[in-house]
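Here the structure comes first, spelled out in structure tokens, and everything after it is commentary.
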Amino acid sequence: MKQVVSFALRKIPRKYLQLINAPLMRVAGMFLRGNNVTCPIINRSYRKFLPYGRLNPRENALCPDSLSLERHRLLWLYLKDQTNFFDAHLKFLHVAPEQCFMKQFEKQHGEGYITGDIESPLAKVKMDIHAIPFEENIFDAVMCNHVMEHVADDRKAMAEIYRVLKPGGWAIMQVPFFSPVKDATFEDPSITDPREREQVYGQDDHVRLYGWDYPDRIRSVGFNVREDHYAEELGEETIRKYALPPREIIYFCMKPA
């Protein structure tokens, strides 16, 4: 199974995977039902989750029915416990929308829920994050996860998110970190060969390797950034139950009112 997952993620473009993976995963989910782990997004339990990852697939990572990964389940709990996301109808921009969230987010926010992506067939709006096609100060919240490592100019993308947020609005912009995490982000535009990018950045379509200076890059465009160690606060039993990433920091970014 690990080899199949690794091959599919490395060889099949994301836009095609998004169209075919849901029905295939639902079949797998029928054989994994149990009581060891639970996906909080759909409140369904399994013996275990599926493996997931490009090079060395992680065990117990992918929920076959919601298609959530560890980070998605953590964000779901965070949104419910630490934000106003499920307390109001927000004007909400979801960049590069994750399938596991879309149905629930649309149910909560209705017409205020806008999805945008440069290539995803699932998104409502085709857009380049370097030039978001909306006026300034119109969104209450923005979510943009695991995107900045792909874009040519991450600060420009962050500045665009800042621009379209209302004063007092917030954004969550997560990125991957690879151990050991360096102090400073590394990027080299001369590295264009996919095989070399995979070796240097951990994935062939990444263009930078983020370091602990990541929140400072966000602050540089005007955001106030709170670094939340939310997973650590949940405790080992909750981490085990939902198969969460125990040390992931959530970067909660606020546009000053």
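The values are calculated or read from the model by the stated rules, or taken from the named source; none is laboratory data. In this text the structure is predicted, and so the values were computed from the model without any measurement. Neighbour counts are summed over all protein chains in view; Cβ atoms, including those assigned to glycine, are modelled from backbone coordinates with ideal geometry. We work out accessible area using only protein heavy atoms, side chains counted, and drop any ligands, DNA or RNA first. Shrake-Rupley method; radii C 1.70, N 1.55, O 1.52, S 1.80 Å.
Things to note:
- Out of Ala184, Ala141, Ala159, one residue alone is more than 30 Å from Leu90 (Cβ to Cβ) and either open to solvent by 60 Å² or more (accessible area, probe 1.4 Å) or of a type outside the set (Val, Ile, Thr) (or both). It is Ala184.
- Boolean, Glu196 is open to solvent by 50 Å² or more (accessible area, probe 1.4 Å), over 24 Å from Pro256 (Cβ atoms) and of a type outside the set (Phe, Trp, Tyr): yes
- Of the residues making up region 91-119, those that are in contact (Cβ under 8 Å) with a residue 40 or more places away in the chain and within 20 Å of Met158 (Cα to Cα) are Lys91, Phe92, Leu93, His94, Val95, Ala96, Glu98, Glu119.
Table: residues versus (1) among the basic types (Lys, Arg); (2) surrounded by 14 or more Cβ atoms within 10 Å (Cβ to Cβ).
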| residue | (1), (2) |
| --- | --- |
| Val37 | no, yes |
| Arg47 | yes, no |
| Pro64 | no, yes |
| Arg73 | yes, yes |
| Thr83 | no, yes |
| His89 | no, no |
| Ala96 | no, yes |
| Gln99 | no, yes |
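- Residue satisfying condition, being part of a helix (DSSP H, G or I), open to solvent by less than 70 Å² (accessible area, probe 1.4 Å) and either under 29 Å from Pro246 (Cβ atoms) or out of contact with any helix residue (DSSP H, G or I) (no Cβ under 7 Å at 6 or more places or on another chain) (or both), within set Gly110, Gly116: Gly110
- Scanning region 230-243 for residues that are hydrophobic (A, V, I, L, M, F, W, C) and on the phi > 0 side of the Ramachandran plot yields a single hit, Ala243.
- Annotation: of all residues in region 51-61 being assigned to a strand (DSSP E or B) and either over 16 Å from the mean Cα position of the chain (by Cα) or modelled with pLDDT of 95 or more (or both), the one that is surrounded by the most Cβ atoms within 10 Å (Cβ to Cβ) is Ala61.
- Only one of Glu196, Glu227 that is more than 20 Å from the chain's Cα centre (by Cα) and either without any contact (Cβ under 8 Å) to a residue 60 or more places away in the chain or at positive phi (or both): Glu196
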